[in-house]
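As structure tokens, the structure follows; a few thoughts come after it.
Read-outs: derived from the displayed coordinates by stated rules, not from any lab. Treat the numbers as computed from the prediction; the structure is a model and nothing was measured. Counting neighbours? That spans all protein chains shown, and the Cβs are built from the backbone with ideal geometry, glycine included.
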Ligand SMILES: NC(=O)c1ccc[n+]([C@@H]2O[C@H](COP(=O)([O-])OP(=O)(O)OC[C@H]3O[C@@H](n4cnc5c(N)ncnc54)[C@H](O)[C@@H]3O)[C@@H](O)[C@H]2O)c1
């Protein structure tokens, strides 16, 4: 792990779901103290159980693959606290928000964070598509501390963090966020605040096109995925990747881009929307494009 040369000692992770869990794990392994906050006690319990399992497993891996010595497992786990209310978050140097992709909810949380963290603390959001400028607009003068810190799934494996500067974000906040991402062992790359940023603006239309190709009968899903894997050297085909991300999340991101970029070419494919309407959200619900029987 890289040396922590930032002034940050404690990171608060807001939301203990898929992404929050991964961010908290990476932060604790990188020697930060971590406070995980969620409104759901079930989510906190699942997150804690999963940390125990995953961090213990890390001791079976070599260091070059992200492994840690067995003697470090307990100290890493002891660095993570799980909390139900926001007041302990007041002791953090940075908050990274990873709650569900809903603008009103994020606005409310940033309003609370700005009142809880009133100093120089970075207020970062892991949103996939919602404008940083719009989220920042809900926190008054603290807007200059609001920044996008877009991690990728699974967080312990994926190297990239897109660092998104809203119109109000200060350059100092961007630079401190880049330093923090490096201290977490990630590769930060800056982008400006346009719907979908870079990653989803380029990726999602490709996934959407995969659904159009399937809907028009150009090929069956397995063949679409195999063609893109073998022909473009992608590790996963677009439809398989959509199942992994969540088909509902794909539709949400396309909707945000269609509205934010004001262009119909970002409209979600009718077949993709239909699968979501049928409850086929992907891997997380056991069925999306493909079926995922429970192990
Ligand atoms: N899943 C991905 O592949 C991915 C990748 C990059 C970014 N993101 C973004 O990360 C964020 C989280 O996504 P996820 O996949 O982890 O979602 P998730 O549904 O797994 O987790 C969301 C968590 O937020 C919690 N929550 C809801 N309301 C809350 C509140 N008021 N206060 C605190 N916690 C609250 C829920 O209990 C849940 O545990 C979203 O903004 C998403 O767009 C997701």
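Points worth noting:
- Cα gyration tensor shape of the range 22-71, rounded if a/c is under 1.5, else prolate or oblate by comparing a/b with b/c: prolate
- Cα gyration tensor shape for the range 174-295, rounded if a/c is under 1.5, else prolate or oblate: prolate
- Sequence ranges 240-248, 191-199, ranked by mean other-Cβ count within 10 angstrom, highest first: 240-248, 191-199
- Rounded Å value of the spacing that divides the Cα centres of the range 155-194 and the range 39-74: 24 Å
- Overall form of the range 1-160 per C-alpha gyration tensor (a/c, 1.5; a/b vs b/c): prolate
- Square roots of five times the Cα gyration tensor eigenvalues for the chain, Å: 32, 24, 17
- Extension gain (nm, one decimal) between residue 5 and residue 274, 0.36 nm per residue minus Cα-Cα: 92.0 nm
- Choice from 268, 278, 124 with maximal GNM fluctuation in the chain (Cα, 10 Å cutoff): 278
- Shown for 224, 14: other C-beta atoms within 10 Å of each C-beta, ranked fewest to most, produce the order 224, 14.
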